[in-house]
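These notes are about the structure you will find just below.
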Amino acid sequence: MSDKLFIFDTTLRDGEQSPGASMTKDEKVRIAKALERMRVDIIEAGFPIASPGDFEAVQAVARAIKDSTVCGLARALDKDVERAGEALKEANSARIHTFIATSPIHMKMKLRMEPDQVLAQAVKAVKKARHYTDNVEFSPEDAGRSELEFLCRVVEAAITAGARTINIPDTVGYNIPEYFGRLIQQLRERIPNADKAVFSVHCHNDLGLAVSNSLAAVLNGARQVECTINGLGERAGNAALEEIVMAVKTRKDVFPCSVDHLDTTQILHCSRLVSGITGFPVQPNKAIVGANAFAHESGIHQDGVLKNRETYEIMRAEDVGWSANRMVMGKHSGRNAFRTRLKELGIEFNSEAQLNEAFGRFKDLADKKHEIYDDDLQALVTEANLEAENEHIQLVALRVCSETGETPRARINMVIDNQEKTATADGGGPVDASFKAIESIVASGCQLLLYSVNNITTGTDAQGEVTVRLEKAGRIVNGQGADTDIVIASAKAYINALNKIGSRPPSANPQTGDV
């Protein structure tokens, strides 16, 4: 058995299934490059059959990534496998991940297929995928609720057909670590050709046990874990990559495998990049990447850490990237320093015009904010990309009047399809007034599901990062905006969401179920 634990990141596929977490092609490529710098083994870039946009995103990631394997998801259907094979054609290293449900409830209620039909379909899909690549992964969806005997039959047949990775998903987050670990052990013991494949797990977090179940599986022979940055994913999310990796790295006395091939100093950068792009903030007390993960307020703890770090810290903050955010830039920083720092953050420009535009934004921010940190730069570039992609509605100017005892009023100037429009509205507060002024012009009919504010860095001059989630006719999108003025950031976020909901065609449901 390999002593290497393969890390399979599915942030771009399963993570994107979080309502409102959709990513553009360019955003997916940025995240994929960050994962590649971390030396993640496999990057699941998307589900190519879902929509033309998803196909193009997988294709773009396949072209951009050279060191990691790029994977595309496909149901056990010929058209899915063919579409995945086409999207991955230019990948330096490609994998097709095909799946079909094997639990009684899924086979009966969803697929309406008999077990023998499911087995035959699984074998056919694996053989079809082998026409495109030797690197084929098979998942029996809802394996955690499947009958053991049938699960063994399907997995054995998939391995015989050519699958070299077998993923056992806890699709609905139903399992408990002791029992899930035993399931992996039983499969490896009962299936005659189990030694011909790497066993993997993909756990959901509905009971808060995704990481625990994954680690229990590793202790019982799994050598690949499927996970996401920040635990992103539909419903309660997936197993968090950062927690899996650092648990195995920290407890080498427990785990009979290694993640030493990974550059864990990239973890924090990846976390903040994904958070900024999706608009899903990281809670302060989140393990590994939360703002408080290495903070000590208790006097007893502080005294212990000052005497010996290991009294209260089991990991070094520097090992996951916390030391990487010490670079401070300001109004006197030049274009070359700006370009160099962004390149170190994995951000490169396609043209001098893009660099100049971003550098202009940087200078504008530097006039408002004395010290500019890496997180400020990430937000600045993310906002520039959002505006470049969505030109339909643009903010020109916003004036807000708010004083004690008076009703707040906002006056907004916007350009819509090259026509300038102005509106004034009152509201319960300056943000409410601004949103009502925008709506008096666009009349979008959207429902506001979420309004969230986070400070990007510390201090009273910190940029505020606002996330706005809108819903219209079943479509849910996130909009982001950042500014040192929180009301302006809010208006930017609302307009960004309006642009998305008005300009992006809806994707097909990425799965009939979920791996």
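Bear in mind these aren't lab numbers, they're just calculated from the coordinates by the rules spelled out. For clarity, every value in this text was computed on a predicted model and none was experimentally measured. Because the Cβ atoms are built from the backbone with ideal geometry, glycine has one as well, and the counts that use them run over all protein chains shown.
The alpha carbons of the chain stretch over 74, 59, 46 Å along the principal axes, in descending order.
Sorting the Cα pairs of segment 6-278 by distance into bins of 10 Å, from 0 upward, gives 7, 32, 39, 19, 2 percent per bin.
Give me the net charge for the shell around ALA125: Cβ to Cβ below 9 angstrom, other residues only, Lys and Arg +1, Asp and Glu -1. All intermediate terms of the calculation are to be shown ahead of the outcome.
Details: positive: ARG75, LYS124, LYS127, LYS128; negative: ASP78, ASP80.
Combined, the nearby Lys, Arg, Asp and Glu give +2.
Label separation (ASN356 vs ALA236): 5.3 nm, computed from points 7 Å beyond Cα along the C-beta direction.
Each of THR467, ILE393, ALA443 was scored by the projection of its Cα onto the charge dipole of segment 391-503, and the greatest displacement toward the positive side belongs to ALA443; charges sit on the C-beta of Lys, Arg, Asp and Glu. Straight-distance candidates among the lysines for linking to LYS331, with alpha-carbon spacing under 23 Å and chain neighbours fewer than 8 residues away dropped: LYS343, LYS363, LYS368, LYS369.
Toward the positive end of the charge dipole of the chain, with +1 on the Cβ of Lys and Arg and -1 on the Cβ of Asp and Glu, the farthest Cα among THR404, LEU377, GLY237 is that of GLY237.
Estimated from helices alone, the mean residue ellipticity of the chain at 222 nm is -12000 deg cm²/dmol (sum of -39500 (n - 2.57) over DSSP H runs with n ≥ 4, per residue).
Treating the beta-carbon of each Lys and Arg as +1 and of each Asp and Glu as -1, no other charges, what is the dipole magnitude of the chain about its Cα centre, to the nearest 20 debye? Mind showing how you got there, number by number?
Values: 60 positive and 71 negative charges, 156 e Å.
Charge dipole of the chain: 760 debye, to the nearest 20.
Rank by packing, highest mean first: peptides 102-114, 76-88, with packing defined as the count of other Cβ atoms within 10 Å averaged across residues. Please list the in-between numbers first.
Numbers: 102-114: 16.0, 76-88: 20.8.
The packing order, highest mean first, is 76-88, 102-114.
Take peptides 207-219, 226-238 and line them up by average Cβ neighbours within 10 Å, highest first, as a rough protection proxy. All intermediate terms of the calculation are to be shown ahead of the outcome.
Details: 207-219: 22.7, 226-238: 24.9.
The peptides rank, most packed first, as 226-238, 207-219.
Going from the residue with the fewest nearby Cβ atoms within 10 Å to the one with the most, ARG30, ARG153 rank ARG153, ARG30.
Here's the list of lysines a cross-link from LYS108 could span, going by alpha-carbon distance under 24 Å and ignoring same-chain residues fewer than 8 apart: LYS79, LYS124.
Using the structure shown, select from LYS33/LYS249; LYS421/LYS492; LYS472/LYS500 the pairs with a Cα to Cα distance greater than 18 angstrom.
On the way: LYS33/LYS249 23 Å; LYS421/LYS492 16 Å; LYS472/LYS500 11 Å.
Table pairs above 18 Å Cα-Cα are LYS33/LYS249.
Applying 1/(1 + (r/R0)^6) with R0 = 30 Å to the Cβ-Cβ distance of LEU449 and VAL396, what FRET efficiency is obtained, to the nearest 0.05? The formula returns an efficiency of 0.65 here. Note on LEU35, LEU119: ascending count of other Cβ atoms within 10 Å places them as LEU119, LEU35, the fewest first. Note on the chain: dipole from Cβ charges, positive end direction compared against VAL515, ALA57, LEU119; the farthest Cα belongs to LEU119. Its relative contact order, with pairs defined as Cα atoms under 8 Å and 6+ residues apart, puts the chain at 12 percent.
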